[in-house]
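The values are calculated or read from the model by the stated rules, or taken from the named source; none is laboratory data. What you see is a predicted model, and the numbers here were worked out from it, not measured in a lab. No Cβ is skipped: glycine too gets one built from the backbone with ideal geometry, and neighbour counts run over all protein chains shown.
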Amino acid sequence: MTHRKIIFTGLLSAIAAAALIGQPAAPRAQGYAPVVSPVERGRLIADQECSSCHAIGLTGDSPFEGAPRWRDLHRRFDVADLAEAFAEGIMVGHEAMPSRAFPPDDVEGLIAYLKSLEPKPAQ
């Protein structure tokens, strides 16, 4: 390797390292503020993407008549089974429900948030 190539490679490494130092450590939901846990990430995404039609919290009714409340989804099926639907884009039998595909980190957050809404077993 020539002296120029060594210097050039060293400069590229230094630039890459400097760029990485400024990166945030917390995960980012797509277009959302950094969050500290998958549950919080899922809550933020659900609030932004789903709450105009669905009740996404522990109380309240869905704003869109007929849209299931997220806290009740576990009664219909295992919410972990929604991971594939979130990743590929949920398809349902009515036009009002948009088909929105989410990246893997967002899917993880949405599933974690849905699971957090399930009742805790009595101890």
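Within region 17-38, is even one residue assigned to a helix (DSSP H, G or I) and modelled with pLDDT of 80 or more?
yes
Being modelled with pLDDT of 95 or more, farther than 15 Å from ILE111 by Cβ and in a helix (DSSP H, G or I) is a condition met by at least one residue of region 65-72.
Would you point out the residue of region 96-113, among those that are assigned to a loop (DSSP other than H, G, I, E, B) and exposed (fewer than 11 other Cβ atoms within 10 Å of the Cβ), that is modelled with the highest pLDDT?
It comes out as SER99.
What residue, among those in region 45-63 that are of a type in the set (A, V, I, L, M) and part of a loop (DSSP other than H, G, I, E, B), is surrounded by the fewest Cβ atoms within 10 Å (Cβ to Cβ)? That would be LEU58.
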